[in-house]
Amino acid sequence: MSALLVTGGAGFIGSNFVRHVLERTTHDVVVLDKLTYAGNLASLEGLPDDRFRFVRGDIADAPLVDALVADLDPATDAIVHFAAESHNDNSLAGPRPFVDTNVVGTFVLIEAARRRDIRFHHISTDEVYGDLELDDPARFTEETAYRPSSPYSSTKAASDLLVRAWVRSYGLRATISGCSNNYGPYQHVEKFIPRQITNVLRGARPKLYGSGRNVRDWIHVEDHSSAVLAILGRGRIGETYLIGADGERDNAHVVEELLDLLGQPRDAYDLVPDRPGHDLRYAIDASKLRRETGWSPRFTDFRDGLARTVAWYRANESWWAPQKDDTEARYAELGR
Ligand code: NAD
Ligand code: DAU
């Protein structure tokens, strides 16, 4: 492949992916991003002008998408689709943009891709499978039935089904990946780990929803990027690949580790009212991805990954400070 059209490339995972691609491959990159509250051009600063171009726009804008896709070469190029409304709490407070971007936006993209026979990779989430009991030995696989819980995860599930139908009915050359919870640099402070780090850096206490016993399966964002490249290179068309790095931890454990890394007592956090419909536990079995592509994660020491993330937020207050007050004001309205 020689050029990638990356949607949502100004967001957390998209911007890390773009950096990863420009550093480790010879592909050129065009980013299409609407710059919602979650998109940030500062996350793309310093990229090489001769290989990188930014276009501000909406993935649901069909004429714009068609024009960008017209520049791609079906023999060599691909669309990597990260753009989404991504935050569960926002989806509970106002689901409409989730339908517009995650469902209609994905529809517009796959229509453009199928008309020009462009290779398409759809970024999805483990949340489409709903949740697992805390003591269930099972983990999600590509065969697990869809059972999304939130407006966010149901719109992601809907977009996955659109992509699958376009593969079967129109021969769209697409793959799907479903990743677990990412952490690392450039993540918006509304999300769990950066919210707690920036709270402590601002002298506030971390906020744990409910009992703090909910489990997430953490993966460093760099490992997500390398997995997507592995699927683009070696994944089979029409297939879904789950991406995970065996990183199950409960939320209380994560907060205690963060407090420790930040030099605070491990119990210096508050329990706050729970998220409605809060999924209990996610866990990924990534053996298909490992077997078929040879991918493996590099960030296998979670505490070390957290320490690097803490260091990044310490060093980059100018990146996150502009988001912090608005984000906390929104949480205050929700009582969380
Ligand atoms: P994010 O919210 O940080 O970034 C989303 C980006 O999409 C932003 O730059 C935003 O401006 C852009 N965007 C939103 N609506 C758009 C539209 N209509 N047109 C063009 N651009 C638009 O999200 P993220 O956490 O980086 O997630 C990226 C993708 O990865 C999403 O598809 C998400 O579902 C998926 N995912 C996220 C995680 C995670 O842990 N964060 C895990 C698995 C999968
Ligand atoms: O599993 C993949 C998903 O991970 C992605 O599809 C989503 O885009 C991404 O936002 C993330 O969803 P979660 O809802 O799991 O992430 P969030 O960071 O919002 O919360 C992680 C856990 O921490 C969850 O159990 C809720 C809890 N939480 C969250 C916040 C913001 C708290 O306890 N306190 C908080 O302040």
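The values are calculated or read from the model by the stated rules, or taken from the named source; none is laboratory data. For clarity, every value in this text was computed on a predicted model and none was experimentally measured. Glycine also receives a Cβ, built like all others from the backbone with ideal geometry; neighbour counts cover every protein chain displayed. Areas reflect the complete protein model, heavy atoms only, side chains present, ligands, DNA and RNA absent. Shrake-Rupley method; radii C 1.70, N 1.55, O 1.52, S 1.80 Å.
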- line: Scanning the range 281-308 for residues that are within 16 Å of ligand 2 (Cβ to nearest atom), within 22 Å of Pro194 (Cβ to Cβ) and part of a helix (DSSP H, G or I) gives Phe302, Gly305, Leu306
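Take the range 143-180 and flag every residue that is among the charged types (D, E, K, R), away from ligand 1 (no atom under 11 Å from the Cβ) and either open to solvent by less than 40 Å² (accessible area, probe 1.4 Å) or not in a loop (DSSP other than H, G, I, E, B) (or both).
Step one: list which residues in the range 143-180 are among the charged types (D, E, K, R), which gives 143, 147, 156, 160, 164, 168, 173.
Imposing the further condition that a residue be away from ligand 1 (no atom under 11 Å from the Cβ) reduces the set to 143, 147, 164, 168, 173.
Arg164, Arg168, listed by residue number.
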message: When you scan the range 47-54, do you find a residue that is out of contact with any helix residue (DSSP H, G or I) (no Cβ under 7 Å at 6 or more places or on another chain), surrounded by fewer than 19 Cβ atoms within 10 Å (Cβ to Cβ), of a type outside the set (S, T, N, Q) and part of a strand (DSSP E or B), even just one?
response: yes
- line: Only one of Glu111, Glu127 is more than 30 Å from Thr76 (Cα to Cα) and in a helix (DSSP H, G or I), namely Glu127
- request: Test Val30 against the stated conditions and say whether it is open to solvent by less than 60 Å² (accessible area, probe 1.4 Å), assigned to a helix (DSSP H, G or I) and more than 16 Å from ligand 2 (Cβ to nearest atom).
  value: no
query: Restricting attention to the range 1-19, which residues are in a helix (DSSP H, G or I) and either in contact with a strand residue (DSSP E or B) (Cβ under 8 Å, 6 or more places away or on another chain) or open to solvent by 10 Å² or more (accessible area, probe 1.4 Å) (or both)?
result: Phe12, Ile13, Gly14, Phe17, Val18, Arg19
message: If I filter the range 183-235 down to residues being out of contact with any His (no Cβ under 8 Å at 6 or more places or on another chain) and of a type in the set (Lys, Arg), which single residue comes out as nearest to ligand 1 (Cβ to nearest atom)?
response: Arg216
- request: For the range 282-299, name all the residues that are closer than 15 Å to Thr141 by Cβ and either in contact with a strand residue (DSSP E or B) (Cβ under 8 Å, 6 or more places away or on another chain) or surrounded by fewer than 15 Cβ atoms within 10 Å (Cβ to Cβ) (or both).
  value: Tyr282, Ala283, Ile284, Asp285, Ala286, Ser287, Lys288, Leu289, Arg291, Glu292
query: When the residues of the range 102-116 are filtered to those that are within 30 Å of Arg195 (Cα to Cα) and buried (at least 24 other Cβ atoms within 10 Å of the Cβ), which remaining residue is nearest to ligand 2 (Cβ to nearest atom)?
result: Asn102
message: Leu72 - would you say it is outside any strand (DSSP E or B), near ligand 1 (Cβ under 7 Å from one of its atoms) and either open to solvent by 30 Å² or more (accessible area, probe 1.4 Å) or over 13 Å from Gly8 (Cα atoms) (or both)?
response: no
field: Residues located in the range 247-270, provided they are over 25 Å from the mean Cα position of the chain (by Cα), outside any loop (DSSP other than H, G, I, E, B) and farther than 14 Å from Ser211 by Cα
entry: Asp260
- prompt: Within the range 190-220, how many residues turn out to be away from ligand 2 (no atom under 11 Å from the Cβ) and over 20 Å from Leu261 (Cα atoms)?
  reply: 0
query: Which one of the conditions (1) at positive phi; (2) away from ligand 2 (no atom under 15 Å from the Cβ); (3) under 22 Å from the mean Cα position of the chain (by Cα) does Val163 fail to meet, given that it meets all the rest?
result: (1)
